[in-house]
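Here the structure is laid out as structure tokens; the discussion comes afterwards.
Derivation of every value follows stated rules applied to the coordinates shown; laboratory data play no part. Keep in mind that what you see is a predicted model, and the values were worked out from it rather than measured. Using ideal geometry, Cβ is built from the backbone for each residue, glycine included, and neighbour counts are taken over all protein chains shown.
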Amino acid sequence: MSGAPESPGSRYVHGTSDAEQRRLDVMNALLNEVALRELRLRPGQRVLDVGCGTGVLTAAFARAVGPEGRVVGVEREERQLAAARARVAEAGLDDRVELRRGEATAPPLEPGEAESFDVAWARFLLEHLPAPEEALRPMLRALRPGGRVVLCDDDHAALRVWPPAPAFEACWSAYAATLGDLGNDPRVGRRLPALLHAVGAIPVRATLVPFAGCFGQPEWPGLVENLREVLAGARAALLESGRVDAAGLDAALDELRAWSARPGAALWYDLCWAEGRRPGFGPGEVARRSGLP
């Protein structure tokens, strides 16, 4: 997921501004390589990408599954979808990617597509849904028996920085609380296996995706800029919440910039990853196909 839509009962705070699109591009550059490695896609597979955003990872999926594979991307926001279509066309991947406008809770699948996908994927989607199960159920129905539903999402309480940056850390906590006030779940990552179980999937794997770095790494400026733009992009919601005032938010952003220039500065913000299988094989077969002992 490259940017979640607003959903009934929740409010998406980041929008689709040019600055947000640039942030999403930075985030994709930081995370997509490890996502592809963890997903282990194979040539010829069919992938459902729910909340595909601007299509950066969607196009990478298409390259991974090759000309015999197929990727269907679903996105609600028209601006995001237009960017995804342009990206797929420019990459010459139209023959294996189809992008459709629709809701995560009711993906626009065609007749005969139920039980046809090998992998259903969502990243940074469930935290923005008041009832994540409503998106997971259609993802599970789209899978062939034994197919994988793979989720990657946030637990905002996981962020750690050193040395301390008290103004930024307080603002980050206020941001997470504001998300909760608006019907989102800033800690949904820790619940991913339980959510898979709740909709009838067989949880088979949980791990963490590294999103960490320190001063001196080539990725460091992008890591810091992503955090900065998360808060800056949520400015209106933060000020409206009353948890932070304009001076406090500006001070937090200034502190983060100064903190990031300190040799030895480091942050850890690992993302939660969980996989489940659609029932259809015995437990031993599920384990074997998942690479588990």
Once amide hydrogens are built 1.01 Å from N within the peptide plane, the residues lying 5 or more places from LEU99 or on another chain with amide H under 5 Å from its amide H are GLY73
Relative contact order as a percentage, the chain, C-alpha pairs under 8 Å and 6+ apart, gives 21
Relative contact order in percent for region 30-147 (Cα pairs under 8 Å, 6+ apart) equals 26
Pseudo-spin-label distance ASP181 to ALA29, built 7 Å along Cα→Cβ, given in nm, is 3.4
For 47-54, 145-152, 33-40, ranked highest to lowest by mean beta-carbon neighbours within 10 Å, the order is 47-54, 145-152, 33-40
Using the Kirkwood radius over Cα pairs of region 66-151, the Stokes-Einstein translational diffusion coefficient at 37 °C and 0.692 mPa s, in µm²/s and rounded to a whole number, is 239
Share of Cα-Cα pairs in region 58-211 beyond 22 Å, whole percent, is 50
Of all DSSP beta bridges with both partners in the chain, the antiparallel percent, nearest 5, is 50
A correct fewest-to-most ranking of TYR269, TYR12 by other Cβ atoms within 10 Å would be TYR269, TYR12
Only helices counted: for the chain, with every DSSP H run of 4 or more residues adding -39500 (n - 2.57) and the sum spread over all residues, [θ] at 222 nm is -13000 deg cm²/dmol
Taking only Cα atoms of the chain, the Rg to Rh ratio with Kirkwood Rh works out at 0.97
Note: probe point = Cα of TRP268 + 7 Å toward Cβ; backbone nitrogen < 16 Å; residues of region 194-225 passing the test are 207-215
Semi-axes in Å, largest first, for region 1-132 (Cα gyration tensor, √(5λ)) are 22, 17, 14
Descending packing, highest mean Cβ count within 10 Å first, for 115-126, 13-24 is 115-126, 13-24
At 4 °C in a medium of viscosity 1.567 mPa s, region 191-260 has a Stokes-Einstein diffusion coefficient, with Rh taken as the Kirkwood radius over alpha carbon pairs, in µm² per second, of 86
Expected unfolding gain across ALA19-ARG100 under the 0.36 nm per residue rule, minus the alpha-carbon gap, is 26.7 nm
